[in-house]
Amino acid sequence: MDKLQGPLRALCVWLVLLVPMPLMAQQLGVPQTDVLTVSSERLFANSRFGQRIFREIEAESALLADENELIVAQLSKEERDLTEKRAELSADEFRPLAEAFDEKVQSHRDGQRAKLDALARRGEEARNQFFEMAQPVLIELLREYGASVVIERANVVLSSGASDITEAAIARIDAAIGDGSTLENTNDE
């Protein structure tokens with residue numbers, strides 16, 4: 001019997017060391033799966049960081065819309081004034097005024113489009129920054145679940161709900177980075 005105790009004890013110790021992570025994770029109520037899914041759209045939109053970005057972009061979009069309305073009103077008035085002058089001026093006198101007005105309209109249009117494009121770029125940059133900051137949290141969840149890959153939920157045809165870690169990721173990301181405003185202010189300095 002003593003001859004079996006040494007090897008048996010060694011086998012038990014080896015088994016305990018070999019499989020502690022999945023067993024421990026299962027004991028903690030974390031389902032074990034090789035593949036996890038996450039909805040990146042929900043992850044960003046429902047996080048405090050994403051909600052702050054949406055609010056900021058919405059506010060800037062409203063300001064841009066107000067500015068655009070003001071420009072349109074001013075240009076409409078100038079167009080009416082120009083139309084009235086048309087009757088008083090010769091074609092040679094009117095043409096430079098009309099061309100200048102067209103250039104002004106195009107300039108305003110280009111300027112507003114550039115501001116809108118910049119706003120869209122800012123949103124995309126914020127999204128990229130968010131996912132860069134979220135990556136360590138997703139890696140941590142990957143390890144905790146004992147998985148080997150996290151894939152986009154929208155690319156999955158069929159899976160159990162247990163593989164979707166979106167809500168857990170949102171909670172952890174919110175705890176780690178909050179709305180991100182303090183992190184962005186630190187990076188600006």
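The values are calculated or read from the model by the stated rules, or taken from the named source; none is laboratory data. Note that this is a predicted model, so its numbers are computed, not measured. Cβ atoms come from the backbone with ideal geometry, glycine included; neighbour counts cover every protein chain shown. When the accessible area is computed, the model is the full protein with side chains, heavy atoms only, and any ligands, DNA or RNA have been set aside. Shrake-Rupley method; radii C 1.70, N 1.55, O 1.52, S 1.80 Å.
Got a number for residues in the range 10-47 being buried (at least 16 other Cβ atoms within 10 Å of the Cβ) and either part of a helix (DSSP H, G or I) or modelled with pLDDT under 50 (or both)?
The first filter runs over the range 10-47 and keeps only residues buried (at least 16 other Cβ atoms within 10 Å of the Cβ), leaving 25, 30, 33, 36-40, 42-44, 46-47.
Next cut, either part of a helix (DSSP H, G or I) or modelled with pLDDT under 50 (or both) only: 25, 40, 42-44, 46.
Counting residues in the range 10-47 that are buried (at least 16 other Cβ atoms within 10 Å of the Cβ) and either part of a helix (DSSP H, G or I) or modelled with pLDDT under 50 (or both) gives 6.
I'm told F94 meets every condition in (1) over 30 Å from I57 (Cα atoms); (2) in contact with a Phe, Trp or Tyr (Cβ under 7 Å, 6 or more places away or on another chain); (3) open to solvent by less than 40 Å² (accessible area, probe 1.4 Å) except one. Can you identify the failing condition by its number?
F94 satisfies all of (1) over 30 Å from I57 (Cα atoms); (2) in contact with a Phe, Trp or Tyr (Cβ under 7 Å, 6 or more places away or on another chain); (3) open to solvent by less than 40 Å² (accessible area, probe 1.4 Å) except (2).
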